[in-house]
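Note sheet for the following structure.
The values are calculated or read from the model by the stated rules, or taken from the named source; none is laboratory data. All values reported here derive from a predicted model rather than from experimental measurement. Note: ideal-geometry Cβ built from the backbone for every residue, glycine included; neighbour counts use all protein chains shown. In case anyone asks, the SASA skips ligands and DNA or RNA and just uses the protein heavy atoms, side chains included. Shrake-Rupley method; radii C 1.70, N 1.55, O 1.52, S 1.80 Å.
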Amino acid sequence: MKLRLLTAGGNADWETTLVQACQQPGSPAEVVQRCYDDLGELLAAADAGKAQVAVVAATQRWLDREAVRRLTDAKVSVVGVIAAGDEEAERRLRQLGVTHMGFTSDGPGVLVDRARAAVLTQPAADGEPAAQDDAPADQDASAGGPRVVVAVWGPKGAPGRTTTALNVAFEAAPLVGETLLVDADTYGGTVDQKLGFQDDNPGLAWAARLASRGELDTLRLWRETRRATAGGPRVLVGLSRAPQWIEVRPVTWEALLDLFRAAFPLTVLDLAFCLEEDEELTYDQVHLRRNAITRLSLEHADLVVAVARGDADGLREFIRSYQELREFVPPERIRVVINQVRRSVFAGDPVSQIANALVRFLDVEPVAYVHYDRASLDAALMVGQALREARPGSPAQGAFADLTVRLLEATGLRASDAAPTSRTRRPRGRWRRRAALEEG
C-alpha cells in the first residue's frame, strides 16, 4: 500500500518536485491532495482521513501549536521542511512538537523516507513539544529541585484572588529564588495596576502568540518578563483588553504551563473566577473556550489556593462554587484561605464560626485567615507594592507570609524546619490597634 501524503509547501520547488515524483509508476507514495498554503483545506483533508502524513513548509505562517495538534489528533504525522542550515526554523518546529524534518534541498526520495519514518514513530497524541534544555544558566531556575505551579482561585464577589496571588509570590521570592507571577484572569486581570506598572510590558497575549508559533523558550521568557522590584518575582501581566482572551488557546496554554514550570522553581497563577465548562467556539479552524485557562490551570497545578471572603455572602458563594471546584481538582491539592475576616460581621469569634461552617458544609478546614487590614492594603496599592514592602509587620502581611511558608512546605520547595525570613514577623502594636479599629 502506498504512503498517502498531503503537502502544503506554498508552491515551493521541492513541493512540485515531490508531487511529480509521486505520480510516477512504482512510486512508494502518493500525494492525495496538494494544499499549497491553505490551512483549512489541509485540516479538512486530515479530518477526512485521506492521508497519513502532512509535508509542510516551515515558512507557513499558520503553522503553530494549534495546527500541529489538529493534525496529530487526526492521526496525521507532520514532516516539516526547512532550508539547510536554518537552525532557527528547526528549533521552532521542535518547540511546536514536530520532530521529523526534511530540507528544501532534499530529493523526493529523501522526503518520502522522512514521511515513512514519521508514520513508524507516531508522535504522542497530545502533540506536546519536546522538552527544552535551554533554561537560563545564570539563575537559580536552572538548578535541580521541585518545579511547582500554585494556582490561586476564588469565586465571584471579589474575595481577594489577585491580592493573595501577588502577596504569596512576593513572600515566596526570597525563599525559593526566581518566582513568576502570572496574571491569567481572562475576565480582567489587575496585577499590573496593583503594582503600578506604567509602561507596556510583555504580557499573556505576547507569550501566547510566541508560544503558539514555537518562538518562546525558557531563556526568552525569563529575560523579557519584568521583575517587579529588586528581589521580587518576575511578572507576566494580563490581557490589556478582555476580548484578547481568544489569543490564548487551550493547546497554547498547556504549552505555556510546561514552559513556566521549566523556567521557574515557583509559578503563581492569578486565575479568573468562572469554572463553567463553556461551549466550544470555532473560528477560522481554531477552537476557543474562555474558561479553558482557569480549568486547565487548576487541573495541572500542584496546589490550588481557594480564596473565600470572610463574610456571610462570601462564604455562601464559596460553598456553592467549591462544589464545582472539587469536580475536577482532588481535595488533597486544595488549600482554603479565608480573606477579609472582620469581627464586626460575626456575633462572636469569626474564626471559629467560619471554621465550623466550612467543616459542616464542605468538610474542609482553612489553612489561613487573613484579617481585614484595609489601611495596609490601601497603602500598598498607593505605592504599587506588596505588603511585604509597603507594610512589613502588618496583620495581613504576617498572614500571607505564614500562608506562603505552609504552601512551600506542602510542595517540597521549603523544609518545615527552615528558618523564617527576616521580614516575616508578628504584627507590631500599632498595626494590631489599627486592625482592631477597622474591624469595629
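Residues that are of a type in the set (Gly, Ala, Ser) and open to solvent by less than 10 Å² (accessible area, probe 1.4 Å) within the range 54-67 comprise ALA54, ALA57, ALA67, listed in sequence order. You will find that of ALA368, ALA380, the residue that is over 13 Å from ASN339 (Cβ atoms) and under 27 Å from the mean Cα position of the chain (by Cα) is ALA380 and no other. Being modelled with pLDDT of 95 or more and out of contact with any Ser or Thr (no Cβ under 7 Å at 6 or more places or on another chain) is a property that does not hold for VAL307. Residues in the range 214-239 that are out of contact with any Leu (no Cβ under 8 Å at 6 or more places or on another chain) and in a loop (DSSP other than H, G, I, E, B) were compared, and the one that is surrounded by the most Cβ atoms within 10 Å (Cβ to Cβ) is GLY232.
Of all residues in the range 17-53, count the ones that are over 35 Å from the mean Cα position of the chain (by Cα), open to solvent by 60 Å² or more (accessible area, probe 1.4 Å) and over 17 Å from GLY109 (Cβ atoms). The qualifying residues number 0.
Residue count for the range 80-130 satisfying the condition of being open to solvent by 30 Å² or more (accessible area, probe 1.4 Å), in contact with a helix residue (DSSP H, G or I) (Cβ under 6 Å, 6 or more places away or on another chain) and modelled with pLDDT of 85 or more: 3. Taking every residue in the range 175-202 that is on the phi > 0 side of the Ramachandran plot and pairing it with any residue that is part of a loop (DSSP other than H, G, I, E, B) and at pLDDT 90 or above, at least 6 positions away or on another chain, the pairs with Cβ-Cβ distances below 7 Å are GLY177/PRO265; GLY196/GLY384. Applying a threshold of 7 Å to beta carbon distances and a minimum spacing of six or more residues, or different chains, the list of pairs starting in the range 10-29 at a residue that is at pLDDT 90 or above and ending at one that is open to solvent by less than 30 Å² (accessible area, probe 1.4 Å) and part of a helix (DSSP H, G or I) reads LEU18/LEU111; PRO28/VAL112; ALA29/CYS22; ALA29/VAL112; ALA29/ALA115. A count restricted to the range 20-42 and to residues that are among the charged types (D, E, K, R) and in a strand (DSSP E or B) stands at 2. Among the residues of the range 401-440, just one is at pLDDT below 50, out of contact with any Ser or Thr (no Cβ under 7 Å at 6 or more places or on another chain) and open to solvent by less than 20 Å² (accessible area, probe 1.4 Å), namely ALA435.
Residues that are open to solvent by less than 10 Å² (accessible area, probe 1.4 Å) number at least 3 in the following helices (runs of 4 or more DSSP H) confined to the range 157-213: 161-176, 204-212. Scanning the range 303-321 for residues that are under 21 Å from the mean Cα position of the chain (by Cα) and either open to solvent by 60 Å² or more (accessible area, probe 1.4 Å) or of a type in the set (Val, Ile, Thr) (or both) turns up VAL304, VAL305, VAL307.
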